[in-house]
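What follows is a single structure, written as structure tokens, with notes after it.
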Amino acid sequence: MSRPSFLQHLHPPTIPQKQARFSYTLGAGGLAVFLSIVLGVTGILEMFYYIPTPDGAALSIQIISFHVPLGFLIRNLHYWAGQLLLIFTGLHLLRVIFTGAYIPPRRFNYLLGLGLFVLAILLDFTGYILRWDVGIQWAFVTGTNLLKTIPLVGEKIYLMLVGGSQPGPATLIRFYAWHSFGLVFISSILLVWHLFRVRRDGGISVPPSNIHPNQKRISRSELVNREVQAMLYAGAALILLATLVPAPIAAPISEVVPLAVEVQAPWFFLWVQELLRYGDPFCLGVFFPLALLGILVIIPYFFPKPDPQELGEWFPPGGRIAQYTIAMLVIVIIVLTIRAL
């Protein structure tokens, strides 16, 4: 018998066949890792041509898109992989909540996954700003000005992020540094830590073996084969999407000022943009999103938990309060996003 490969060693020796179904896992965790790899490779290739200055940023993106051989494909792959990463990390987080897979010993790993989801949002937003064209202007000005509304420390946070009292060359350099190095470094550490904890905690969350002692299981070789097939299909779909649907591109910014005609925020912040229409910017644009994040953080600690024998199924009865709470919040965000569109 051949010895397990490195990829196989990243997985438990066996996992229950029932919980290995796509209908249970949605393939979201594995696809999120695959998309992260695509983002890393395409991002490195873009760095050879991208110029992080106000005068050169948007023009360098146009050069990548229209003059560099296969540059349009690399940029489109990077853009769509970033959008899909948000979707799949969000689906993975919802799957964990709706299957109760956050109870001990997986409580800390749930927080690592939540941190990765937040970092994916920040990476998408900083990458969005690096376009430095008129399409990002309203969202950039509004998003950074929200920082000023934070009591006591808002102005200092704004100065640290923007690099001065007004956006300028230092702003783009700082966003570029955070996007390409700072956030990537932190995300890489958390991703490796997250995968290690999944392996150490025994893989996917299932009922104790004494409850279902004869449950059918699949080997890690078969699991790896399934994951490779899913990545090949996902890669083909991503290439097709990147070929047919170009990433947004617009004219360079000549001066950073609020626009008279409102431009939409990126799709993942449309719900915040809609909230800002209804009241105080700090309460609705800063406090409310942070409160939602706080609810996600405390779920494994303060919400009623499913019993171990309820694991391995969608919507275990013991986790109803968490399920209803998150479902309601997701519906609110979807409704606000649709209204913003």
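The values are calculated or read from the model by the stated rules, or taken from the named source; none is laboratory data. Nothing here was measured: the structure is a model prediction, and the numbers come from that model. Because the Cβ atoms are built from the backbone with ideal geometry, glycine has one as well, and the counts that use them run over all protein chains shown.
Here the helices (runs of 4 or more DSSP H) wholly within the stretch 39-137 that include at least 3 residues being closer than 30 Å to Gln323 by Cβ are 71-98, 107-129.
If you go through the stretch 100-121 and pick out every residue that is β-branched (Val, Ile, Thr) and at pLDDT below 95, you end up with 1. What about Ser219, is it of a type in the set (Ser, Thr, Tyr) and surrounded by 13 or more Cβ atoms within 10 Å (Cβ to Cβ)? The answer is yes for Ser219. Restricting the stretch 56-72 to residues that are surrounded by fewer than 19 Cβ atoms within 10 Å (Cβ to Cβ) and in contact (Cβ under 8 Å) with a residue 24 or more places away in the chain, the residue that is farthest from Gly312 (Cα to Cα) is Leu59.
Among the residues of the stretch 169-209, those identified as hydroxyl-bearing (Ser, Thr, Tyr) and farther than 28 Å from Ala57 by Cβ are Ser205, Ser209. Within the stretch 315-326, the set of residues being hydrophobic (A, V, I, L, M, F, W, C) and touching a helix residue (DSSP H, G or I) at 6+ places or on another chain (Cβ under 8 Å) comprises Phe315, Ala322, Ile326.
Here Ala230 fits the description: surrounded by fewer than 18 Cβ atoms within 10 Å (Cβ to Cβ), in contact (Cβ under 8 Å) with a residue 12 or more places away in the chain and farther than 24 Å from Gly115 by Cβ.
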